[in-house]
Amino acid sequence: MRGKGRVLVCAGAGCISSGCQRLAEALRQRIEEAGLDGQFDVVETGCVGSCDLGPVVVVESDGTFYARVKPEDAPDIVTRHLVWGRPVERLLHTPEAGGKSAAKMDEIGFFRAQTRVVLRNCGAMDPRNIDEYIARRGYEALAKALTAMTPAEVVEAVKASGLRGRGGAGFPTGVKWELAARAEGTPKYVVCNADEGDPGAFMDRSVLEGDPHSVIEAMILAGYAIGASQGFVYVRAEYPLAVERLGYAIGQARERGFLGRNILGSGFDFDLEIRVGAGAFVCGEETALIASIEGKRGMPRPRPPFPAQAGLWGKPTLINNVETFANIAPIILNGPRWFRSIGTERSPGTKVFALAGKINHTGLVEVPMGTSLRQIIYEVGGGIPGGKKFKAAQTGGPSGGCIPAEYLDVPMEYDSLVSLGAMMGSGGLIVMDEDTCMVDVAKFFLQFTQDESCGTCVPCREGTKAMLDILERITRGEGEEDDLALLESLAETIKKTSLCGLGQTAPNPVLSTLRYFRDEYEAHVREKRCPAGVCKGLAPYVIHLDKCRGCGRCVKVCPAEAIYPVELPKAAGDEERARRRLPLYAIDPSKCIKCGACAAECRLGAISR
C-alpha cells in the first residue's frame, strides 16, 4: 500500500505568529471534505528558513513551494493541486526583480545557494515524531558509535573533522572533547548552551524547534565520548516553543531506549534534563551558565580552571552550543573527510546565519564556510530593498563588528573576519543600507551590552557606561574633539581587563565603526551633522514652504541669525501673501544651532526636523 502524500506547513515560531496553525487546520478540513484524508496528511514542521515568505506550504510529492499562504487559500491548494495536479500559480514565489515564478524550493535563490547540514531536517519533518527523525537516519550515528567505536575513536573523529565551536569563539570542538575526556573526576557532565541572547539571532531556537532529536543524539554521543552520564540543555525562557518540543522529544527518546540506562544494550547510561534560564545575556558565557544551572546568580568567574576541568559542581563539564551539536551526528555517520570537503581548510563545514535588516529575504541561511558576504547578501538574501546601496553588515551581534562595502567579498570564516575587526559570533548577520548611521549602530549595541552587564567587574560595568555616555553626547550634537580618542582608549582598556569574553568583546562595534566610518563620527563631532539624518539631536530644522505664511516670528527668535528670506516661487503662496509681498523663509543649516526656538515659536507647524 502506498504511503500518504504529505503537505508540509512551516510551523516555526515566525510562521506561527503569521497564522500557520489556522492554515494547517483549514487544509486538514478541506482535505477531509474532499474525501482525501486517506491520501494526504498535513504535517506541521519546524522553520523552513524563509521568514519573509511565511506562512509556507510545501507539497512534498512534487516539491511545490507556496509562499505567504492564508487559510482562505486552502480550497485552491486542495482542489487545484491535490485533486487536479495543477499548481496554484498565484501562490508561487515571484522574485522581487520580476521574472518567472519559482515552483520548487531548489528554483528559489534563497534555497538554491544553501548547503544544509545543521538544518538538514528543519522544515522537512514533524519535530514531534521520533519515527520521522529515525527515517532520516536519526540515531544511526549513536548506534554506530556504541557498537563499532570506542569513546576515544568518537573524540578522534570529531577532532579530525576540524569542527570549530559555532557559539562564537571558534575553539576546536574535538580539542574541547579531548580535554573533557582526559579530565580527572566523576561524575562528568555534558551541557548544551541554548541561551542565544544576541539581538537578531535565532539559529539555535529554530534547530530546537525543528529538529530537537539531532541535539539529543549529539549530546548522548558526547556523553559516551567523555564518560558522562548526565546532560543539561540550558534554554532561555523566551523560547517556549523550543522548550516544549525539546521536552517532548526527550520523552520520546526515553521511551525508545535512546536515553536512560543501558542504551541500545551497550551498558552505557545517559539522561537529559532541561534548565530554563531567565534571559540574562551574560548566561551565554560558559561559567555564568554553569552558575545559573547550579541555582546561583548567573555571573562569570575567572578562568582557569576551565569547565572541562572544573565545571558543574566542580566536576569536568563539556559545553557546546546547539549548532555545534547539530553537526556531530553527520560527522560520525559520514566521516571527518566528508565534513572537511565542505568549507575551508581552517574552517570546515557550514555556518548558519540569521539574516536580518535591510535585506529582501530575511531568515535562516546555511552556507559553506568561506562563502563571501556578497554571495550571502545578493544571491541568498536577494539584495538590498528599494535599490539602496549596501553600507555595512554587523556580524557576531554585540560582540562583533561592522564590515563595510569594500570588504563585500570577504570569505565568511573565522580568521578572515577577525582580521577585519569583526567575528563570526553565533551567526547573527544584520545588513545595513546607505540610510544607516554607523554611530547610532554602535550606540545601539553598546546600549545592549551595558544593560546586560552583570556588574561583576569594573571595566565592563563602568567602562561600557562611560563609552555609552560619550556616544549619547555625540549623537545629541554635544561631542568634542577629544571624545574619539577617549572612546578608543576606553575600548582598549575594557578589552584587556574585563573578566569574561562578553566584556572583552563589548567594545568591538565601536572600534570597528571607528575604524571604517570615522568620517561619520567626525561629522557628528565637528560639523554637528548626522550624514544619514538618523540622529534626532543632529537633524537640521527645515521650514516647509507649503505651510509658511511669512509672518517672520521665527526670524525674531533665532539667536544664530540662521533664518533668511527667500524669493517667493511663482507657484507657491496664496493671493493675500502675493498682494502683501510677504517673503518665505529658509534655514541655513551651517548656522543653525538646533536650539528649537523657531519651531517652538511657529504657530502653523511649518518648522520641523
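Debye calculation, C-alpha points only, no solvent: report log10 I(q)/I(0) for region 438-526 at q = 0.17, 0.25 Å⁻¹, in the same order as the q values. Results for region 438-526 at q = 0.17, 0.25 Å⁻¹ read -0.60, -1.25.
Taken over region 62-128, the convex hull of the Cα atoms encloses 117 Å³ per residue. Debye-formula intensities of the chain, expressed as log10 I(q)/I(0) at q = 0.07, 0.08, 0.10, 0.11 Å⁻¹, are -0.52, -0.66, -0.94, -1.07 (one equal scatterer per alpha-carbon, no solvent). On a 0 to 90 degree scale, rounded to 10, what angle separates helix 240-255 from the longest Cα axis of the chain? Between helix and principal axis, roughly 0 degrees. Between K4 and T79, the modelled label-to-label distance comes to 2.3 nm, taking each label 7 Å out from Cα in the direction of the beta carbon. For the chain, the longest principal axis of the alpha carbon atoms and the long axis of helix 212-226 meet at an angle near 60°.
Geometric descriptor of region 244-369, per residue, is 195 Å³ (volume of the convex hull of the Cα atoms). Evaluated with a Cβ-only charge set (Lys, Arg +1; Asp, Glu -1), region 237-348 carries a dipole of roughly 260 debye about its Cα centre, given to the nearest 20. For E72, neighbours were defined as the other residues whose beta-carbon sits under 11 Å from its Cβ, and their charges (Lys and Arg +1, Asp and Glu -1) total +1.
Using only the Cα atoms of region 130-339, build the gyration tensor, take square roots of its eigenvalues as a ≥ b ≥ c, and label the shape rounded, prolate or oblate: rounded if a/c is under 1.5, else prolate if a/b is larger than b/c, else oblate. Taking the square roots of the gyration eigenvalues as a ≥ b ≥ c, region 130-339 is rounded. Stokes-Einstein diffusion for region 283-343, with the hydrodynamic radius set to the Kirkwood value over Cα pairs and evaluated at 10 °C in a medium of 1.306 mPa s, equals 119 µm²/s. Taking Cα atoms only, the orientation of helix 464-475 departs from the longest principal axis of the chain by about 40 degrees. Under 17 Å from a label point 7 Å along Cα→Cβ of A148: give me every residue in region 331-374 with its amide N that close. Under cut-off, by backbone N: 331-339. Spin-label model, L486 to I342: label points 7 Å out along the Cα-to-beta-carbon direction sit 4.9 nm apart. With the biggest extent put first, the Cα atoms of region 171-219 measure 38, 23, 17 Å across the principal axes. Mean sequence separation of contacting Cα pairs (under 8 Å, at least six apart), scaled by the length of the chain, corresponds to a relative contact order of 11 percent.
Given a Förster radius of 45 Å and the C-beta distance between E89 and V557 as r, what FRET efficiency does 1/(1 + (r/R0)^6) yield to the nearest 0.05? Approximately 0.15, to the nearest 0.05. Antiparallel beta bridges, as assigned by DSSP with both residues in region 183-334, represent about 5 percent of the total such bridges. In this structure the amide hydrogen of N321, modeled in the peptide plane, comes within under 5 Å of the amide hydrogens of R166, G167, N193, none closer than 5 places in sequence on its chain. Mean silhouette area of region 350-433, derived from the convex hull of its C-alpha atoms and averaged over all directions, reads 4.5 nm². Taken along the Cα-to-beta-carbon direction at a fixed 7 Å, the label points for L604 and R254 span 7.5 nm. Would you pull out the residues with amide H under 5 Å of G277's amide H, same chain only if 5 or more places away, H placed 1.01 Å from N? Excluding prolines and chain starts, which carry no amide H, the hits are V235, R236, A237.
Between R275 and V534, the FRET efficiency estimated from the beta carbon spacing at R0 = 25 angstrom works out to 0.05. The relative contact order of region 315-469 comes to 19 percent, based on Cα pairs under 8 Å that sit 6 or more residues apart. Close amide-amide hydrogen proximity is noted between F232 and V190, V191, C192, E273, each under 5 Å apart and 5 or more residues distant or on a separate chain (H modeled in the peptide plane; Pro and chain starts excluded). Listed by chain and number, the aspartates and glutamates whose alpha-carbon sits under 16 Å from that of K4, ignoring those within fewer than 8 places in the same chain, are E32, D37, D41, E44, E60, D62, D126, D131, E132. Over all other residues within a Cβ to Cβ distance under 13 Å of S416, the charged ones net out to -2, with Lys and Arg as +1 and Asp and Glu as -1. Think of the chain as a dipole: +1 on every Lys or Arg Cβ, -1 on every Asp or Glu Cβ, centred on the Cα centre; then among V534, F339, V48, V534 lies furthest on the positive end. What does DSSP give for the chain in terms of the percent of beta bridges that are antiparallel, rounded to the nearest 5? If I count the DSSP bridges inside the chain, around 55 percent turn out antiparallel. For the chain, the 222 nm mean residue ellipticity estimated from helices alone, with every DSSP H stretch of n ≥ 4 adding -39500 (n - 2.57) and the total spread over all residues, rounds to -9500 deg cm²/dmol. Inter-part distance, region 450-489 to region 493-557, computed on C-alpha centroids, equals 14 Å. What would the Debye equation give as log₁₀ I(q)/I(0) for region 5-108 at q = 0.09, 0.20, 0.21 Å⁻¹, counting only Cα atoms as equal point scatterers? With one equal scatterer per Cα and no solvent, log10 I(q)/I(0) is -0.19, -0.97, -1.07.
Using a cut-off of 21 Å between Cα atoms, the listed pairs K351/K495; K465/K496; K495/K528; K159/K351; K536/K594 include K351/K495; K495/K528 as exceeding that distance.
Along the positive direction of the dipole of the chain (beta-carbon charges: Lys, Arg +1; Asp, Glu -1; about the Cα centre), which of T456, F325, L484 reaches farthest? Of T456, F325, L484, it is L484.
Along the chain, the longest continuous region that contains none of the GluC sites (Glu not before Pro) in a DSSP loop with at most 12 other C-beta atoms within 10 Å is 185-344. Net charge of the neighbourhood of A34, taken over other residues with C-beta under 13 Å away and scored Lys/Arg +1, Asp/Glu -1, is -1.
For a Förster distance of 56 Å, can you work out the FRET efficiency between the beta-carbons of E72 and W313, rounded to the nearest 0.05? Efficiency, rounded to the nearest 0.05: 0.50. Any aspartates and glutamates with Cα under 12 Å of the K391 Cα? List them, leaving off those in the same chain fewer than 8 positions away. Answer for K391, where 12 Å is the Cα cut-off: E406, D433, E434, D435, listed by chain and number.
In this Cβ point-charge picture (+1 for Lys and Arg, -1 for Asp and Glu), the chain has a dipole of about 640 debye about its Cα centre.
Read-outs: derived from the displayed coordinates by stated rules, not from any lab. Here the structure is a predicted model, which is why all the values come from computation and not from measurement. For neighbour counting, all protein chains shown are included, and Cβ atoms are generated from backbone atoms with ideal geometry for every residue, glycine included.
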